[in-house]
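Contents: one structure, followed by commentary.
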Amino acid sequence: MATGRAVLALAFLVVLLVDPTAPVRSNVHGLGFPLISLYLTWAAALMIIAWQSWWFDYRLAPLALGIDIAVFLGAVYLTESRSSEFQSPFLAFAAFVLIAAMVRWNWRATALTAIVLLIANVLLGLMLYSFGFEVDPFRFFRRIFYIILLSSMLLWLSMSRGGERVQAMPEPPGVPGERRDLVFDSALTFVSSLLDAKRAAFAFAGSEEPWIDLRMLGPEGFTSRQLDPELFAEELLALHRTALFSTARQRELVQSEDGTLLIARAGAKSGAVCPQLAVHLGIDEGLVVPVHCATGSGQIIIWEAETLSFDDIRLFAAFGEEIGRALDREEMSRLARVEVETGVRQAVARDLHDSVAQFLAGTLFRLEALRRWIREGHDPDGEIDSIKNALRREQSQLRLLIERLRRGQESDRRTEITDELKALLAEAGAHWSITTELLSPDAPLPVSVQLSHEIRQLVREAIANAARHGQCKKVIVRIGHADGQLRLSISDDGIGFSEIAAARRPRSISERVEALGGQFELHSTSRGARLEILLKSGEMA
């Protein structure tokens, strides 16, 4: 902005010098050149200040805007005549003044600048007319219309532009959920490149960590260490705002709470407090950006930059919010991974419990019965062959389970659940030495391979519970389909559940039905138990 002001003033002066027909008012001949020359000198000084000191650049901004308006109107009226209709820099200067107010402050400052510019134009025109200067009424009112139109457009633009646009930070490599340190490094690399800064630091105080992580980027590369939380935790966890600071001069340029204004503070009396981390690192001047996320808070400090400007405050405030969102996304990915891993562990645990564990328990019962059979003098070969065959079938089922875990089951494959339950009931009846019966409709019941596996595990667990704990002699399984749902009923003639056991309900069955998004009811009497299970057919929960 300061450079643009200087270029505009230089162009205006050069045109007046090189163009022999450059219009100047005859009765004030010679005043235009000195005025523009002084303005060019002032603009050059502001440009140097802007490149050297962000503090004085901001502090001199209101004065610079006032001089812009005064010199703009005075120079235009002093260096034009009736024949210079399309040579006047009026619109260029008006646009510069309004855009400067819009960029440096907000829409309120833009509106105020437009009002001041309009009133000053009217007053100057009336004053020149009263002193006998030539003022074209047509051009005068047309300029008022230009100012109103240009102000309205820029005011609308200022109000509708919203937050600052931030260049997106590159996505760090690696697996989401395991890249927190990589997010820190990407943030430091990105902010350093934006400001062409030699050094940057990211201090982060996690809500569950006892120490503060400090990650630094310098010419030597990345370094990290831990800081004492007693020194910096309170400051890092507080809701600070993005600011330019100078520890040597105790100056601070910070956003207002609503983010619409910049507030300049200096000295202890004004409450200006430079970041303690910057003091600890020996930083004289820099930019501090707070970062807040669900897992903690921190600060990014950038120093030894080529240039620092008040423009950087709003830009990096938005960037700090983006860093916080990136850390939140990383935490959400980590939690999602933990949730998935927990779900997988629970599913494997249920499968092992309902298949291998229950089969081994049944095998122990059969071995005890075999021992008694041998003691009674009977031939054990038939029972041994039966147990061996059962072990082979269980080994095949276990291999299928392992293969399913390795490659996943194809969800679009379907199988006939009735046929699979018939084979399962025959095997379970022989294994537990009980009678089993399947009641199913005549029509086929095709279900997905996934749902078939879940139903078979439910039936195996229910039969094992009935035989081991319910001391039953017979188990009846009923399965039916209606309104897109499978109804599975498993009843036995055992002693039923105790009141405590019935209140708790079978854990494995309850968890499996819940994971499938189904419903489970347990009915128990002294004459047996009945499990009523309702599942969505053909889809997993």
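The values are calculated or read from the model by the stated rules, or taken from the named source; none is laboratory data. Predicted, not measured: the structure shown is a model, and the values here were computed from it. Don't worry about glycine lacking a Cβ; one is built from the backbone with ideal geometry, like all the others, and counts go over all protein chains shown.
Couple of notes before you dig in:
- The selection criterion, being at pLDDT 70 or above and polar (S, T, N, Q), holds for Ser151.
- Subset of the stretch 487-501 [assigned to a loop (DSSP other than H, G, I, E, B) and hydrophobic (A, V, I, L, M, F, W, C)]: Ile495, Phe497
Here's the yes/no breakdown for (1) modelled with pLDDT of 75 or more; (2) in a helix (DSSP H, G or I); (3) buried (at least 20 other Cβ atoms within 10 Å of the Cβ):
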residue: Ile67; (1), (2), (3): yes, yes, no
residue: Gly74; (1), (2), (3): no, yes, no
residue: Ile99; (1), (2), (3): yes, yes, no
residue: Ile119; (1), (2), (3): yes, yes, no
residue: Gly132; (1), (2), (3): no, no, no
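- Number of positions in the stretch 458-486 that are surrounded by fewer than 17 Cβ atoms within 10 Å (Cβ to Cβ) and part of a strand (DSSP E or B): 5
- Arg314 satisfies every condition listed in (1) on the phi < 0 side of the Ramachandran plot; (2) free of Cβ contacts under 8 Å to residues at least 40 places away in the same chain except (2).
- Subset of the stretch 467-494 (residues that are among the hydrophobic types (A, V, I, L, M, F, W, C) and either modelled with pLDDT of 90 or more or within 17 Å of Lys422 (Cα to Cα) (or both)): Cys472, Val475, Ile476, Val477, Ile479, Leu486, Leu488, Ile490
- Matching residues in the stretch 390-420 - criterion: being assigned to a helix (DSSP H, G or I), of a type in the set (Val, Ile, Thr) and at pLDDT 75 or above: Ile417, Thr418
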